[in-house]
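Please read the structure below before turning to the comments.
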Amino acid sequence: MSNAVNNVQVREATSGDIPSLLSLLAKYHTNTISDHERDQGFVTTNINAEQLASLIADERGVIVSSDADGRVVGFIIAGSWQFLSR
């Protein structure tokens, strides 16, 4: 089964993406998905809006993919060891 999205754009996240990111984080957290869904990927860390804002502004550590309508459909989060050890 394919979940391909045409015309995907990849870019750095902005603070305006935080609501979409929080929604995706909650939707795909390991506590909310079935074992079968885990085969498609999952999130294990709870990240809040303040942490996302810091990652975006201070670390430039969030990359999003958006569809042709601008809807965020995926993301990658990375941060410095200093940030991640908080």
> Which whole-Hz couplings ³J(HN,Hα) result when phi for each residue of region 67-84 is put into the Karplus expression 6.51 cos²θ - 1.76 cosθ + 1.60, θ = phi - 60°, listed in order with x for Gly and Pro?
Replying inline: 7, 4, 8, x, 6, 5, 10, x, 7, 10, 10, 9, x, 5, 4, 4, 5, 5
>> Let me check against my output: what whole-number percent is the relative contact order of region 9-84, with C-alpha pairs under 8 Å and at least 6 apart?
In response: 37
> If amide H atoms are built 1.01 Å from N in the plane of the peptide, which residues on other chains or at least 5 residues away come under 5 Å of the amide H of Val73?
Replying inline: Ser65, Ser66, Asp67
> Across region 50-62, in residue order, what do the Karplus-derived ³J(HN,Hα) couplings come to in whole Hz, using 6.51 cos²θ - 1.76 cosθ + 1.60 with θ = phi - 60° and x for Gly and Pro?
Replying inline: 5, 5, 4, 4, 5, 4, 6, 7, 8, 10, 6, x, 10
> Hull surface divided by four, with the convex hull built on the Cα atoms of region 9-84: how many nm²?
Replying inline: 5.3
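Taken together, the values in this text are just the output of simple stated rules run on the coordinates, not laboratory data. The structure displayed is predicted, hence computed values, not measured ones.
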